[in-house]
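Asker: Can you keep this structure in mind? I'll have questions shortly.
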Amino acid sequence: MIDTNQNSNTAQFLFQKSLELFPDLVFLISSDGIYVDYKGSNVTLHIPPEEFLGKKIEDIMPKNIAELQMSAIKKTIATQQTQSLEFILPSREKTFIYEYRMVYLNNNRIAAYVRDITERKLIEQNLKNSEEKFKAIYYDSPVGIELYDRKGKLVDLNKSCLEMFGVSSIDAVKDFDLFDDPNIPPDQLSKLRKGESVKYESVFDFDLVKSINLYETTKTGKFYVNVLITPLYLEEIKSISNYLVQVQDITDNKIIEQKLKDINEELENKFELTTLDLKQSEERFKLLYENAPLSYQSLDYKGNILEVNKTWLDFFGYSKDEVIGRWFGDFIAPDYLNVLDTKFPKFKEEGEIKGIEYEMIKKDGSHAIVAFNGKISYDENGYFKQTHCIFRDITEQRKAEQLLKESEEKYRLISEDSEDLIVIYNERLAVEYLNEKTHSRILGYPSAKFKDNIFRGTLIHEEDLPDTARAFQMGYREGKYTHQFRLKNSNGIYLWFEVRGKIFIDKDGKKKILCVSRDITEIKSKEKELKDSEEKFRMLFNNINDAIVIVDMEGKVIECNQTSYERLGYTKEEFLNMTPMDFDTPQYAEGVLDRIQGVLQEGASSYEVDHMRKDGKIVPVEINSIKINFQGKTAILSVARDITERKKAEKELKDSEAKYRSIIDNSGSNIFVYDKDGFYEFVNKQAAESFGRKPENFVQKSLFDLFSRDLVEEYLKINQKIIESGIGRQYERTFDIENEPRTFLINDQAVKDSEGKGIYIVSSSVDITERKLIEQRLKESEEKYRLLFNNFPIGIGLSTIEGQVIDYNEAMGELTGYTKEELNKLGIPAIYTDQNEPSKAVNLLREFGKLRDYEIKFKRKDNTEFYGSLSLDLIEIKGVEIIQSTLKDITEKKEAELELIRLNNLKSELLRRTSHELKTPLVSIKGFSDLLLEVHRDKLDDYVVSTIDEIKQGCLRLEALISDILKTSELESGAIELKKSREDLSFLIRLCVNEVRGFSDLRNQSIELEIHEKVELDFEKEQIHQVISNLLNNAIKYTPRNGKIQIKSQIQNENISISVKDNGIGLSLNDRNQLFKQFGKIERFGQGLDVIPDGSGLGLYISKKIIELHGGEIWVESEGMNRGSTFYFTLPLH
């Protein structure tokens, strides 16, 4: 028997040493919260760990933490699943943060793994603070910000950018490529590709974006943008990490500039679309071709080389100039030229080849076997143009095939020199193979005689023939068998053989049986000698301390010694009438016959069972059984040793080992134990899984099986120093595990075994990949913030609530003229013209959480004043509230707005006064016209009546125009206050349709309604009535006779959307840009269209102002001239 105690003791010792060395502190805690034991001392607590022992958790920990831990302990025991918790524990020097993992062991005990995570939590908090600062600038900035990776693929964009470009989320533009942006001027794109920063102004056309399906947007029309694109370089990378794009909407500035030049001249937007250069595509293809993983070549009709790729040149070691134009046969080994002579003409004839092999000669003289596949391309006339072939190196494959062939020959030679008889039979019991030399040497006659007579009774002893045939048949049924029989040699002497047979399936899928027979004549002779000496050992048999029992083939006890029956409390007479099934416990009794059969087949067996005494007590025994010839019959001799004490010791050792193994497996650390030569003694579950394996995969394996030789040799040298000095080492190392880099913090220590012999290295490690990633993210986040902070085009500052300046960027310094030190000396109020504004702005910030575009006057160091747009965010850094400010100089815009307001007011006042002055004579003209027609119509001829009617109609048109002008003036003045009430918009639409039904019927037009039955919301009924009527009248007037008008409603995102669609004359891009402006009427007079072109050109302008006053939007869509139009407007539901 193997001595397992020594191995177990060593394992337990190594478990304990491993626990002492890994980075966690482990407490064993009872179910009622008492600290029983601890391992490890690498974690700092508020008191030493030895002072915990024997005390309850509530005696050691603060009340809230004790309650938290006891709750976790109860849950761990109830569910037998690991529970994790984190808590803060102050000590004298600083505050620590700990992670406790509660793992169920057994007997209602748990292991508590304590890990100091203070440093990790500080890093995470710093990362959070850094990202909060970045977010305050990035996400809430009034400037649109886009972030691209080094290849130009969009990574992120802020809220301002989403709103600016009418995009619902980043998913709508996730595939957008910076270098494919048609809005970047070509010269700027060229600079950007060189890694330079670029800045430009551009006109962004949403209609163009829609027409080329660049991305989905809710916006229409055009707007002006100021764009700054900055390549970001991270320190350690020394190459571009990201591209930062900052976009400012300067449309208002541009519109103001244009209106100041000529207030009545309308703004035209031009947009130039850039396309990709074909050369880029060709370069990408060329790069793919040159770096393809397969070698490529092209030959002309004679077999001369026309083209090869870089992979081909690298494989053969030539330059391109050395091979182009040469005959392909120059590179083929002489023995393979005949293959080229036969295969190349066939290739040209059939147009395709597959798997043709050549032995090639490289420039350095080495040879390689390659397999070619290829096709032929033809010119436009169908004549041969050139070949296109790729090949792969199959040299190693051919070498492997040759090694296999040599291996088969080697095993044939081994078989022939074997001392055993080896025979292979097929299913018909015909001999397919035997080792002829061995058969001839042992049996003394030719193998042919063996093949012909083996089962005919002439070679096998007649007594053994039936059993041999049965054993052979059983082998075919069960897959293997063992049997002893006698064979007659050429001298007529019977030799004993033990045959072992096993079924296998050959390469053709047929079942065969391999039989290996060994000469056991000498063993049989010794068995006979043993029988003869049986009496000699009878005394020993009866007086030995182990129970000795002999049973027959049915399991009945036919002989036993005194120990066997006295141990179980029986008399010898009682015991001789029993079988093992009578005194084995039920668990083992049912397997008695199988164990007997196993001994009969194998000749011997060892196993452990439990015997039951007559009084019911259990006795564990270890049994060694052997098949014997007893009194001329086959029997089984079994020696049963009482192993009660050993089992008890093993259980205690097993329980102890299981406890320590459970602790180590659940420790959260990787534990490797290996000897000084690098062979693994122990690997815990987590360590094995971290390398994608199981602990059993490391049995009888060494470091050389897991790592490269160079790395292992380096380890062994360092480990030798650790052994000699007794000083361990701690270090970090990154490994590729399942194609993913993982970083570990490793602690290596040397220990001796329990007997002071043999040196082991205990290597404990913790996966710190996530921590490293967080540290890297923190570094990148801080650097990204600093790059954004320094490159931002508008002023950014950080200050305390009290007004102390922490930091600000270059743009802020240029804007105010102060240094940080000067501002801290004077105080932030020094840059405000009104000293009450700083506190007012901070109060607004506290009230709303943020402040956006707060426009006030500021003062520079030189006392010059400027208008600024101020935005404030309240952020928290290390628990301290910080104000982050952005300041933009809007002086030019503000002055231009004031000038524009003055000019607009002047224009509105002029229109209002002119309209009033026109209205007085108009009333007189209209009144006299009515008087002439009503009083004097009978005195006037038809021509005069018709003329007066024309005068009256002209007055009505002029009156409508004056009304529109006055309405426009009123809307522009901002003096209108809406008188909203709860109304049904669907009812109002139907009312408006009924009002224009007569007009549409005159033009034989249909009006279709697809609107909600009832939609209630707050609006001023008369104002919205004017909008709907205006849209319907326009649709009727600008749609030819027999046309169709559709009105639909749709609820979207808390808004009701109304559309009026016609199939009329349609709108061009310029028409759509003109429509909603003052006097933006589209002229169609004289174009031969069946439309009614009258109108002031103010109706849609007034409609736009009314809808905007209600918080909605109005716009138009059209696919072009003569393709109809659809007008939309939205109103908020709430």
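Here, each number is a calculation from the coordinates, and none is a lab measurement. The model shown is predicted, which means the values in this text are computed figures rather than measured ones. Every residue, glycine among them, receives a Cβ derived from its backbone with ideal geometry; neighbour counts consider all protein chains shown.
Asker: If you place +1 on the Cβ of every Lys and Arg and -1 on the Cβ of every Asp and Glu, how big does the dipole about the Cα centre of the range 977-1132 come out, in debye to the nearest 20?
Answerer: Around 380 debye, computed over the range 977-1132.
Asker: Continuing with the same structure: As an exercise, identify the trypsin sites (Lys or Arg not before Pro) in the range 1007-1044 lying in DSSP coil whose Cβ has no more than 15 other Cβ atoms within 10 Å. Before the final figure, lay out the partial values.
Answerer: On the way: sites: Lys1014, Lys1021, Lys1037, Arg1041, Lys1044; in loops: Lys1014, Arg1041.
Sparse-neighbourhood loop trypsin sites (Lys or Arg not before Pro): Lys1014, Arg1041.
Asker: How far apart, in nanometres, would the label points at Lys362 and Val712 be if each is projected 7 angstrom from Cα along the Cα-to-Cβ direction?
Answerer: 2.7 nm
Asker: Next question, about the same structure. Using mean Cβ contacts within 10 Å as the protection proxy, how do 783-791, 597-605, 377-385 order, highest first?
Answerer: Ranking, from highest mean packing down: 783-791, 597-605, 377-385.
Asker: Considering only C-alpha atoms, what is the centroid distance from the range 605-637 to the range 184-206, in Å?
Answerer: When both Cα centres are located, 93 Å separates them.
Asker: Now, a different point. Taking a virtual spin label 7 Å from the Cα of Thr118 along the C-beta vector, which residues in the range 46-65 bring their backbone nitrogen under 11 Å of it?
Answerer: 46
Asker: Loop only per DSSP, at most 13 neighbouring Cβ atoms within 10 Å: give me the GluC sites (Glu not before Pro) in the range 151-222, ordered by residue number.
Answerer: Glu196, Glu216
Asker: Set the Förster radius R0 to 35 Å, insert the Cβ-Cβ distance between Asn1042 and Glu950 as r into 1/(1 + (r/R0)^6), and round the FRET efficiency to 0.05. The partial results should precede the final answer.
Answerer: Values: r = 29 Å, r/R0 = 0.84.
Efficiency computed from Cβ-Cβ geometry: 0.75.
Asker: Using R₀ = 56 Å, calculate the FRET efficiency as 1/(1 + (r/R₀)^6) where r is the Cβ-Cβ separation of Ser377 and Lys510; round to 0.05. Each step should come with its number before you reach the end.
Answerer: Numbers: r = 49 Å, r/R0 = 0.87.
That gives a FRET efficiency of 0.70.
Asker: I need the calculated FRET efficiency for the pair Arg518 and Ser31, taking r as the beta carbon distance and R₀ as 45 Å, to the nearest 0.05.
Answerer: The formula returns an efficiency of 0.15 here.
Asker: Continuing with the same structure: With a/c under 1.5 counting as rounded, go ahead and sort the range 610-654 into rounded, prolate or oblate using the C-alpha gyration tensor (a ≥ b ≥ c being the square roots of the eigenvalues; past the cut-off, prolate if a/b is larger than b/c, else oblate).
Answerer: oblate
Asker: Over 22 Å between Cα atoms: which of Lys75/Lys648; Lys151/Lys784; Lys451/Lys524 fall into that group?
Answerer: In this structure, Lys75/Lys648; Lys451/Lys524 lie more than 22 Å apart at Cα.
Asker: What distance in nm separates the two pseudo spin-label positions at Ile626 and Thr864, each 7 Å out from Cα along the beta-carbon direction?
Answerer: 11.3 nm
Asker: Rounded, prolate or oblate: which fits the range 503-648, taking a ≥ b ≥ c as square roots of the Cα gyration tensor eigenvalues, rounded meaning a/c under 1.5, else prolate when a/b beats b/c? Don't jump to the answer; show the numbers that get you there.
Answerer: Working: a/c = 2.40, a/b = 1.46, b/c = 1.64.
Oblate shape, in that a/c is at least 1.5 and b/c is the bigger or equal ratio.
Asker: Using modelled amide H (1.01 Å from N, peptide plane; none on Pro or chain starts), what sits under 5 Å from the amide H of Ala333, excluding residues fewer than 5 places away?
Answerer: Glu359, Met360, Ile361
Asker: Using θ = phi - 60° and the Karplus relation 6.51 cos²θ - 1.76 cosθ + 1.60, list the HN-Hα couplings for the range 1013-1022 in order, rounded to whole Hz, with x at every Gly or Pro.
Answerer: Couplings: 4, 8, 9, 9, 7, 8, 7, 8, 4, 5 Hz.
Asker: Turning to a different aspect of this structure: Starting at the first residue of the range 799-806, write each ³J(HN,Hα) from the Karplus equation 6.51 cos²θ - 1.76 cosθ + 1.60 with θ = phi - 60°, in whole Hz, x for Gly and Pro.
Answerer: For the range 799-806, the Karplus-derived couplings read 8, 7, 4, 6, x, 7, 6, 8 Hz, x marking Gly and Pro.
Asker: Let me ask something additional. Using 0.36 nm per residue of separation minus the Cα-Cα distance, give me the extension gain between Lys857 and Phe735 in nm, one decimal.
Answerer: Going from the current span to full extension adds 38.0 nm.
Asker: Can you list the HN-Hα couplings for the range 70-87, worked out from phi with the Karplus curve (6.51, -1.76, 1.60; θ = phi - 60°), rounded to whole Hz and with x for Gly and Pro?
Answerer: 4, 4, 5, 5, 4, 5, 4, 5, 5, 9, 6, 10, 5, 10, 10, 8, 10, 8
Asker: Using a 7 Å offset from the Cα along the Cα-to-Cβ direction at both Arg500 and Glu897, what is the distance between the two label points in nm, to one decimal?
Answerer: 9.7 nm
Asker: Could you tell me which GluC sites (Glu not before Pro) in the range 707-776 are loop residues by DSSP with no more than 16 other beta carbons within 10 angstrom of their beta carbon?
Answerer: Glu738, Glu755
Asker: In debye, nearest 20: dipole of the range 794-885 around its Cα centre with unit charges on the Cβ of K, R (+) and D, E (-)? Mind showing how you got there, number by number?
Answerer: On the way: 11 positive and 16 negative charges, 22 e Å.
For the range 794-885, the charge dipole is close to 100 debye.
Asker: Could you calculate the contour length gain from Thr458 to Leu978, that is, 0.36 nm times the residue separation minus the distance between their Cα atoms, to one decimal place in nm?
Answerer: Fully extending the segment from Thr458 to Leu978 adds 174.8 nm.
Asker: May I ask you to compute the full-extension gain from Asn108 to Arg990, defined as 0.36 nm times their residue separation minus their alpha-carbon distance, rounded to one decimal in nm? Could the numbers behind the result be given before it?
Answerer: On the way: separation 882, 0.36 × 882 = 317.52 nm, distance 7.80 nm.
Contour length minus the Cα-Cα distance gives 309.7 nm.
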